[in-house]
Amino acid sequence: MNDSQVIAIAGEALWTALLVSAPILIVSLVIGVVVSIFQAMTQVNEATLTFVPKLLGVFAVSAIMGPWMIGTMVQYTHRIFATLPQAVR
């Protein structure tokens with residue numbers, strides 16, 4: 001296994017991690033911004049107000065996108081195991 005193969009595997013791992021985590025992170029970010037704007041408009045400064053909507057949003061996205069996320073991780077794992085014999089040479 002040479003340096004370019006290791007870099008390619010690491011790059012693919014980072015890209016897969018970004019791709020899988022993006023839906024949850026985006027929904028959490030959007031909900032946080034919306035709740036922050038609401039708090040700024042109403043001058044309600046409650047720190048725990050953002051927790052419940054973010055939690056519900058993350059659960060909803062996980063339920064909807066979960067099969068795709070798991071499928072993407074399984075495909076990546078299959079590619080890693082398929083290229084493992086070539087990397088050992």
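Taking the conditions (1) at pLDDT below 95; (2) part of a helix (DSSP H, G or I); (3) polar (S, T, N, Q); (4) open to solvent by 70 Å² or more (accessible area, probe 1.4 Å) in turn, GLN75 satisfies each one other than (1).
Remark: ALA87 matches the filter, which requires a residue to be modelled with pLDDT under 90 and part of a helix (DSSP H, G or I). Annotation: of all residues in the stretch 31-47 being open to solvent by 80 Å² or more (accessible area, probe 1.4 Å) and either among the hydroxyl-bearing types (Ser, Thr, Tyr) or not in a helix (DSSP H, G or I) (or both), the one that is farthest from MET69 (Cα to Cα) is GLN43.
Cβ-Cβ contacts under 8 Å between residues 6 or more apart (or on different chains), taken from a first residue in the stretch 7-30 that is surrounded by 14 or more Cβ atoms within 10 Å (Cβ to Cβ) to a second residue that is assigned to a helix (DSSP H, G or I) and charged (D, E, K, R), are listed as GLU12/ARG79; SER28/LYS54. Residues that are among the hydroxyl-bearing types (Ser, Thr, Tyr), closer than 18 Å to ALA13 by Cβ and touching a residue at least 12 places away in the same chain (Cβ under 8 Å) within the stretch 40-82 comprise THR72, TYR76, listed in sequence order.
The values are calculated or read from the model by the stated rules, or taken from the named source; none is laboratory data. Small disclaimer: the values here were computed from a predicted structure and weren't measured. When we count neighbours, we look across all protein chains shown, and the Cβ atoms used for this are built from the backbone with ideal geometry, even at glycine. With ligands, DNA and RNA removed, areas are computed over all heavy atoms of the protein, side chains included. Shrake-Rupley method; radii C 1.70, N 1.55, O 1.52, S 1.80 Å.
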